[in-house]
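The values are calculated or read from the model by the stated rules, or taken from the named source; none is laboratory data. In this text the structure is predicted, and so the values were computed from the model without any measurement. Cβ atoms come from the backbone with ideal geometry, glycine included; neighbour counts cover every protein chain shown.
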Protein chains: 6
Amino acid sequence: MHGAGIDAMLDSLAGIAPDLGRFAVEFPYGDILCRPGLDLKSREIATVAALTALGNAPVQLSGHISMALNVGCTREEIVEVITQMAVYAGFPAALNGMEVAKAVFSERDGKGLS
Amino acid sequence: MHGAGIDAMLDSLAGIAPDLGRFAVEFPYGDILCRPGLDLKSREIATVAALTALGNAPVQLSGHISMALNVGCTREEIVEVITQMAVYAGFPAALNGMEVAKAVFSERDGKGLS
Amino acid sequence: MHGAGIDAMLDSLAGIAPDLGRFAVEFPYGDILCRPGLDLKSREIATVAALTALGNAPVQLSGHISMALNVGCTREEIVEVITQMAVYAGFPAALNGMEVAKAVFSERDGKGLS
Amino acid sequence: MHGAGIDAMLDSLAGIAPDLGRFAVEFPYGDILCRPGLDLKSREIATVAALTALGNAPVQLSGHISMALNVGCTREEIVEVITQMAVYAGFPAALNGMEVAKAVFSERDGKGLS
Amino acid sequence: MHGAGIDAMLDSLAGIAPDLGRFAVEFPYGDILCRPGLDLKSREIATVAALTALGNAPVQLSGHISMALNVGCTREEIVEVITQMAVYAGFPAALNGMEVAKAVFSERDGKGLS
Amino acid sequence: MHGAGIDAMLDSLAGIAPDLGRFAVEFPYGDILCRPGLDLKSREIATVAALTALGNAPVQLSGHISMALNVGCTREEIVEVITQMAVYAGFPAALNGMEVAKAVFSERDGKGLS
C-alpha cells in the first residue's frame, strides 16, 4: 500500500478499530517488508501475485500495485505478474486483477506518475 | 516446476489425460514464462507467493520452490516470500508453505543442491 | 441474518428461485441455529468469523453482524472477532470485514440500535 | 462468455494487456471448449457451477450464464445448478450466484432472449 | 457420493456427529439431487467441476467422480470436466483433481466397473 | 494451538524460519488473544469456525480444537460449530473439519483429557 493508501486505511479504521489499523501497519511494514533477505521490489511482486490469485481484496491489490510502481516495478512487470496468475489461479482471477491494474494506471496517468 | 517435476507430471497424466499434461506445459512454459517483460526469478517469486497464499497445491508449490532455486533465488529469499504471506493470507497458509519449503530444502541437501 | 435481511432475501429470490430461499431459511434457521449444544451468541460469532475469513460474501456478513448484535454481542466483540481474522486469513480479509462492520454500525446508529 | 462478453473483454484489455485477452480466448475457446468428449451444454454447466462455488468472479459468471442459455440450457437448469452449489460451497455462494443469474435473466428479458 | 461412500461417511460420523451425517444425506440427496429441472448426470458434472475448482475436498471429489460414472458419465467426460477447470481455477486445481480421478478409475478397474 | 502444538511448530521452524515462528507466537498470542473485549473461549470458537470454513489448514485446526477444549469449550460445542459451517462453507468443509475433530477427541481420550 502506498502512503496515501495507508493514511486512508487508518482514517477509515480510526473510529471503529484503531488497533487493527495499527497492527496492519506495524506487522507488514514494521516487521516484514523492512527485513533484509528480499528486496522491496520482489516483495511487492509477491504481494501483487498473491492478491491477484486470492481474488477477494481489490482495494489492497490496488494499493500494492501502486506501491510496486513506487518502488521500481514497471507497468509491464505488473502486467506480466497478473497475466501469469491465469496459469495458477485461473483466467477470471487474472482478468479481474488486470481490471484493478488498469484503474491504477489510469489514476496515475492523471497524476503524471509512472 | 523443475525438469524432473514436469517429467513426473507428464508420466502421471500419460494414461489418463495426456492433453492436460500438454496444456500444463505449453501454456505456462511455452506461452508465459518465456515472455520478456519479467525476469524468470521474479516470475518464480510470484508463483511461490501465489501458491503459498492459495494453500491447496503443495505438490506444485514444491516444484516451484525448486525451480525458483534453480533460476537463482536463494533459500533465504524463498523463506522471506513465504513468511510475507502471513500478512496477506494468514499464518496457517505461511506455516504450511514453510513446511513444503523445509521438505524441498532437505531433499536438495541430500543431492548437494543449493 | 436479521429478520429484515431474511425478508429481503426471500423477496429477491421469489421470482427466480423460491426453493433456494426456502432452503436458505429452513436449513440454517430450522435445522442448525436452534440446536441445543451451542448458544446463539456463540453461533453468530462463529458465522461472523467464517464469513470474514472466506471474504466473498459481504451481504451475508452484514446480515450476520446485525444478527450477532441482536442476540447480545457487543460491537466491541464484533470488532475483536474480525480483528482476530487477520491472524488466520490475512489482513485484507480482516480489513474488508471491518469495512462491512463499519457500515452496519453506522446504519444501526441511524436507527438508534446498539 | 457469449460473443458480446468476449468483445467487451478484448476491448477492455486492448490498451493494457492484449496478450492476456488473446490467451483468454485461445486457451478456453480454441483449446478446451471445442474438444470432443463433452458437449458444450455440459461444459457450460460445469463452468457455471465452478464460478458460483469459487464466488469471486461475478462478471465471468454472468457471461457464462448467458453462454449456457445460448447453447441450450434452460433458465430452470441454471437455477438448479446454482441452488445445488449451496451443498458444496455453502449458502452465501449460492445466494450470490443467484443474484448474478437474476440480473442476466432480467437483461435477457429486455432483449427478448430465452 | 456413491452408496459405499455415504455408508462410510455415516459410519465415521456415528460416534461424534450423527446429525451432521443425517444433514449431509437429507439435504443433498433428499432435497436437492432428486429435484426435477436438471438431470442427475448434469448434477454430477456440476459437482465434479465445483469440487475440482475449490480444491480442498479430495475425498468428496472422489465420491462424486464415482457417482458420476454410476449415473452414466463416461470417464472421458470426467477427464474433460476436470481439464476444463484449468481455465477457471488454474492448472494446480485441475492437476490435483486429475490425480483424484486417476485413483478412482484405478480402483474401479480393480472392481470391473466402468 | 495448545502449548504442545506451539512447541512443535517452533521446533519445526527453528532450522529454517525462526522469525516466522516468533511472529506466529507474538502476533496471535502476544497481540490478539490476550486483548480484552472478547473472552478466550469465544476467540477459539471463532478460530475453529474460520479454519473449518477455509478448509486448508488441518494441522492448525487440530491445534485450535485442542486449545478450545483447554479453555472451556465442550466437545459438543466444537461439534456444533463445525456442523454449522455446512451452512456457510458447504458440506465438504464441515465433513473434513469433523474428521479433524474426531482425531483430536480420540487423541485426548487416550490422554484422559476432556
Just the residues that are within 12 Å of chain B (Cβ to nearest Cβ) and touching a Ser or Thr at 6+ places or on another chain (Cβ under 8 Å), please, taken from the range F:53-76.
F:Leu61, F:His64
Among E:Val79, E:Val48, the single one that is under 14 Å from the mean Cα position of the chain (by Cα) and within 14 Å of chain F (Cβ to nearest Cβ) is E:Val48
For the range F:6-14, indicate whether the set of residues that are outside the structural domain of F:Ile78 (by TED's automatic domain parsing) and not in a helix (DSSP H, G or I) is non-empty.
no
Which numbered condition D:Arg43 fails, given (1) in the same structural domain as D:Ile65 (by TED's automatic domain parsing); (2) touching a Gly at 6+ places or on another chain (Cβ under 9 Å); (3) not acidic (Asp, Glu)
(2)
Within the range E:1-17, the count of residues that are at pLDDT 95 or above and either of a type in the set (Ser, Thr, Tyr) or within 17 Å of F:Thr74 (Cβ to Cβ) (or both) comes to 2
For F:Ser12, which of the numbered conditions (1) hydroxyl-bearing (Ser, Thr, Tyr); (2) in contact (Cβ under 8 Å) with a residue 12 or more places away in the chain; (3) closer than 30 Å to A:Arg35 by Cβ fails to hold?
(2)
Name every residue in the range F:1-24 that is within 14 Å of chain C (Cβ to nearest Cβ) and within 14 Å of the chain's Cα centre (by Cα), in order of residue number.
F:Met1, F:Ile6, F:Met9, F:Ala24
Which residue out of E:Ala93, E:Ala101 is facing chain B (nearest Cβ under 8 Å), at pLDDT 95 or above and farther than 20 Å from B:Pro28 by Cα?
E:Ala101
Pick from the range B:26-44 the residues that are among the aliphatic types (A, V, I, L, M) and within 14 Å of the chain's Cα centre (by Cα): which of them is nearest to the other protein chains (Cβ to nearest Cβ)?
B:Leu33
Report yes if some residue within the range C:67-82 is among the hydrophobic types (A, V, I, L, M, F, W, C) and touching a residue at least 40 places away in the same chain (Cβ under 8 Å); otherwise report no.
yes
